[in-house]
Amino acid sequence: MAKKSRLQELLEKTKEKLKTQEERKSSNGQGQNREYTPFFNPNMLLKQKESVKCRILPIKGEDMFYVTYPAHKFNLGGNFLNIICGNAELNNGKKIGTCPICKFLNDNNGEIERKTYGILMARDTYLCYVFNYDTEQIEKYNFDNQILTEIVNNMLDNDMFEIDDGFDITFVKNETGKFYTVSKISKPKIALDELLEKYDIEEIPDIIETELKFTP
């Protein structure tokens, strides 16, 4: 019970720290005029329709369609927290700082229940930009190893090796109906330049600079 109490205390402090950071941004006038990229959430969209289709966009200067970073994901008091691990190396290899969650896990390794340890440990998270055909705008989409595996397998099955223009992806509910799965991957009907011109999009933003940039 003592370990659970210490764990709960750590998570509460983490939640308070995030809240304080947001309050400081508001009080300093930071973020008030910043335009945040909306999230693309297939699970939410599939509550209204049987399938959801979007276009995964290429990342500027990269051969991959996603960037990778470690993140801690867990529920606390009914709130789902998705926190970039403090040990993550972003912005050309610069570390964000230290991570209190990783430190707690390291200091108490072997004493924390394996299930709890597994929930709190940092895992690779993948982030990409998509063009949402329904909202007609660029949105950010993060996913885990399961979805990445499904995407890659579908790409191999459909000989999708040329992805300079991105590719269309369709999501549906899985057999349980609780989560989504990749149903289909296909070549877009129009070229990327035509898509951007059609919707008056000057360029695809730099995903690191826009979504993952931080001030040491």
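Tabulated data for the structure shown
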{"quantity": "Qualifying residue in segment 104-116 (condition: of a type in the set (S, T, N, Q), open to solvent by 60 Å² or more (accessible area, probe 1.4 Å) and either within 19 Å of the chain's Cα centre (by Cα) or at pLDDT 90 or above (or both))", "calculated": "no"}
{"quantity": "Verdict on Lys47 being more than 19 Å from Glu211 (Cα to Cα), modelled with pLDDT of 80 or more and in a loop (DSSP other than H, G, I, E, B)", "calculated": "yes"}
{"quantity": "Selection count, segment 141-161, where residues are closer than 20 Å to Pro205 by Cα and open to solvent by 30 Å² or more (accessible area, probe 1.4 Å)", "calculated": "1"}
{"quantity": "Flag if Ile185 is among the aliphatic types (A, V, I, L, M) and more than 20 Å from Lys47 (Cβ to Cβ)", "calculated": "yes"}
{"quantity": "Some residue of segment 187-198 being closer than 17 Å to Ser51 by Cβ, open to solvent by less than 30 Å² (accessible area, probe 1.4 Å) and over 22 Å from the mean Cα position of the chain (by Cα)", "calculated": "yes"}
{"quantity": "Close pairs from segment 165-178: first among the hydroxyl-bearing types (Ser, Thr, Tyr), partner part of a strand (DSSP E or B), Cβ under 8 Å, at least 6 apart", "calculated": "Thr170/Ser51; Thr170/Val52; Thr170/Lys53; Thr170/Val182; Thr170/Ser183; Thr170/Lys184; Thr170/Ile185; Thr170/Ser186"}
{"quantity": "One residue from Lys184, Lys140 being touching a residue at least 12 places away in the same chain (Cβ under 8 Å), basic (Lys, Arg) and farther than 22 Å from Lys73 by Cα", "calculated": "Lys184"}
{"quantity": "Enumeration of residues in segment 135-171 that are over 20 Å from the mean Cα position of the chain (by Cα), among the acidic types (Asp, Glu) and more than 22 Å from Glu197 (Cα to Cα)", "calculated": "Asp157, Asp159"}
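The values are calculated or read from the model by the stated rules, or taken from the named source; none is laboratory data. Model, not experiment: these values are computed from the prediction. For neighbour counting, all protein chains shown are included, and Cβ atoms are generated from backbone atoms with ideal geometry for every residue, glycine included. Ligands, DNA and RNA are excluded from the accessible area calculation, which covers all protein heavy atoms including side chains. Shrake-Rupley method; radii C 1.70, N 1.55, O 1.52, S 1.80 Å.
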